[in-house]
Amino acid sequence: MRYQLSLDSCTKACSVALTPLDGGKAFAWFEILDRGHAEIIAHQAQLLMLVAGIKAQDISQIAVTIGPGTFTGARIALAFARMFAAARDIPIIAVNSLEAIAFNAISNLSLSRNDIVYTAIDARRGQVYFASYDSTGAEIFTPEAIEIRIAAEMIKSNSLILGTGRELLIEAVESFSELHKLSPDMHFPQAEIFGDRVKNRVAETTPVSPLYLRAADAKLPASHPITFTQ
């Protein structure tokens with residue numbers, strides 16, 4: 001049986017899944033962590049393979065979130081995916097994390113044809129990483145780092161907002177009412193869910209890079225002219 005290894009570490013959450021490509025049971029792990037994503041993601045991938053009773057050669061492709069998210073988090077799962085894919089000579093399917101979050105609602109809620117799913121990740125500095133999708137998962141607004149007030153102006157009052165930037169947007173939207181009751185896990189990418197949604201996508205043909213949307217918050221110290229005393 002062929003499997004897809006699905007990975008995410010873009011936010012506080014970290015998740016790994018083995019998605020069957022020929023039908024059958026998926027194996028998944030998801031946890032919200034304060035730190036330690038880099039140490040645990042490889043371990044959990046190995047543990048899931050052990051539980052599923054498969055070996056590395058049974059994995060024929062990888063799906064991985066590439067951001068936006070934390071600057072370091074967007075690189076952790078991708079670095080592991082690149083290493084694993086290179087060793088096995090298998091393709092990578094890149095998934096942006098805002099789309100992955102939207103899939104939580106699209107796959108688990110009863111959405112009407114006209115429903116719009118807004119996804120937002122807290123980008124700090126008064127901004128959110130923001131995107132929107134229709135009820136089938138088709139992109140409406142391309143992922144972008146924008147000011148909270150601008151994102152709020154795009155949102156209809158009776159709609160669905162997911163992601164760690166959700167509360168920031170709700171505060172800025174007048175007369176907001178929630179369409180569905182959401183569990184806390186739905187605000188983070190989940191490898192089991194997005195892995196199943198993208199397993200039939202065409203893999204990337206060029207090297208996969210992180211999707212940052214803006215420069216890192218940390219800056220190198222400004223250089224100063226060097227003077228020499230005589």
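Summary table below
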quantity	calculated
Breaking point among (1) within 16 Å of Ser15 (Cα to Cα); (2) free of Cβ contacts under 8 Å to residues at least 12 places away in the same chain; (3) of a type outside the set (Lys, Arg), for Met83	(1)
Members of the stretch 117-130 found to be in a loop (DSSP other than H, G, I, E, B) and farther than 15 Å from Glu153 by Cβ, listed by number	Arg125
Filtered residues of the stretch 92-105 (kept if farther than 13 Å from Phe188 by Cβ and touching a helix residue (DSSP H, G or I) at 6+ places or on another chain (Cβ under 7 Å))	Ile92, Ile93, Val95
Criterion violated by Leu160 - all others in (1) assigned to a helix (DSSP H, G or I); (2) outside the structural domain of Ala38 (by TED's automatic domain parsing); (3) buried (at least 18 other Cβ atoms within 10 Å of the Cβ); (4) at pLDDT below 95 satisfied	(1)
Tyr133 being of a type outside the set (A, V, I, L, M, F, W, C), in a strand (DSSP E or B) and within 14 Å of the chain's Cα centre (by Cα)	no
Hits in the stretch 33-56 (condition: at pLDDT below 95 and under 16 Å from the mean Cα position of the chain (by Cα))	Leu33, His37, Ala38
Close pairs (8 angstrom Cβ cut-off, 6 or more residues apart or separate chains): small (Gly, Ala, Ser) in the stretch 24-42, loosely packed, with under 15 Cβ neighbours inside 10 Å anywhere	Gly24/Met1
Given (1) more than 18 Å from Val64 (Cβ to Cβ); (2) under 15 Å from the mean Cα position of the chain (by Cα); (3) among the β-branched types (Val, Ile, Thr), number of the condition Ile170 does not satisfy	(2)
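The values are calculated or read from the model by the stated rules, or taken from the named source; none is laboratory data. None of these values were measured; they are calculated from a predicted model. Note that each Cβ is placed from the backbone with ideal geometry, even for glycine, and that neighbours are counted across all protein chains shown.
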